[in-house]
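Each reported figure results from applying straightforward, stated rules to the coordinates on display, with no laboratory input. This structure is a prediction, so every number in the text was calculated from the model and none was measured. Glycine gets a Cβ as well: all are built from the backbone with ideal geometry, and neighbour counts include every protein chain shown.
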Amino acid sequence: TAMPRSGGTYSFLDRSLGPVAGTIGGLGTWLALTLKASFALVGMGAYIALVFGSDTHSWIYKLIAVVIALLFGLINLVGAKSSGKAQVSLVVGVLLIMTLFIIRGLFSLESQNFEPFLKIDPQDDTFGGAMQTVLATTGIVFISFIGATKVISVAEEVKDPERTLPKGLLLSLGTVVVIYVLSLVVMVGVLGTD
């Protein structure tokens, strides 16, 4: 909000630490978003293949992921309004599906699935064990949240950015945290950790 310019991380790092830091941060952000997009596309391909009863061949997931990427690319080529409408529709649809998942799952929770809460082996005094699980989960959560800060990248296009951007960022992060925690509670409570 202090520098309401398009460019997000790159602009902030460039102005505060210089062009080398801006370039490194910009490339890092670009790589992180590319990784996140790849994970999301392959995940969407896998879910769609499972919904339509496909067998578990990874090439089908990849083919569906490529088709989805091309479809999103075409929507973006049409224009900002159409891609904005598509994005709003997708977000509302996903939030509705996740809300239904959470509501239905809350009625099927089994308390024994939460015990033990964090498996720690007293014989394992190395950095492994529970810490590896925590670090692996942290990596997945990082990938899940990487896109939330992209709200800042459109700062020049937002009316009253000093007021609107913090609200948008906090609302998006808050929504993601609530949905993420509740869906994890439902998944572990219904299926268990194994």
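A simple spin-label model places pseudo-atoms 7 Å from Cα toward Cβ; at residue 185 and residue 169 they are separated by 2.8 nm. The calculated FRET efficiency for residue 136 paired with residue 62, based on their beta-carbon distance and R0 = 25 Å, is about 0.60.
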